[in-house]
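The values are calculated or read from the model by the stated rules, or taken from the named source; none is laboratory data. Everything quoted here is computed from the prediction, not taken from an experiment. Cβ: placed from backbone, ideal geometry, glycine included. Neighbour counts: every protein chain shown.
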Amino acid sequence: MDAPAPRPIDVTRDAQALTDDLCAALLTPRNREEMARLLTDLCTPSEIRTLAERWHVARLLDGSDLSYRDIHEATGVSTTTIVRVARFLRQEPNQGYRRAIDMLGTENAR
């Protein structure tokens, strides 16, 4: 008896379905090492650095009294990115940064 044919990959999936699938994949690592390996496979070094910089800026905005200019001078991150992170941290309804920061605390912000 022949093995069942592999299920074809759906190449027509919409953006929301693709995002949902990515979110499911991002939930699979059990620790930081596994997450780092997944990010290394999924993203270029530049993309990882960009994500890490945005996260660092969010922590600085939440855990310090630094101005946008101070953060820019300390990190080299553009003020445009800092403003965008601040908007998503404080105003946008998604609250992704806020939830993650609240869950992790601000003790590691530097």
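Of the candidates 83, 77, the single residue that is closer than 24 Å to residue 105 by Cα and either outside the structural domain of residue 105 (by TED's automatic domain parsing) or part of a helix (DSSP H, G or I) (or both) is 83.
Of all residues in segment 30-63, exactly one satisfies the criterion of being hydroxyl-bearing (Ser, Thr, Tyr) and in contact with a helix residue (DSSP H, G or I) (Cβ under 8 Å, 6 or more places away or on another chain), namely 40.
Yes or no: segment 39-61 includes at least one residue that is assigned to a loop (DSSP other than H, G, I, E, B), more than 12 Å from the chain's Cα centre (by Cα) and of a type outside the set (Val, Ile, Thr). No - not one qualifying residue is present in segment 39-61.
Starting from residues that are closer than 21 Å to residue 27 by Cβ and at pLDDT 95 or above, keep the ones in segment 58-94 and report whichever is surrounded by the fewest Cβ atoms within 10 Å (Cβ to Cβ). Out of the qualifying residues, it is 88.
Sub-6 Å Cβ pairs linking a first residue in segment 36-65 that is outside the structural domain of residue 19 (by TED's automatic domain parsing) and aromatic (Phe, Trp, Tyr) to a second residue that is part of a helix (DSSP H, G or I) and exposed (fewer than 14 other Cβ atoms within 10 Å of the Cβ), at least 6 apart or interchain, number zero.
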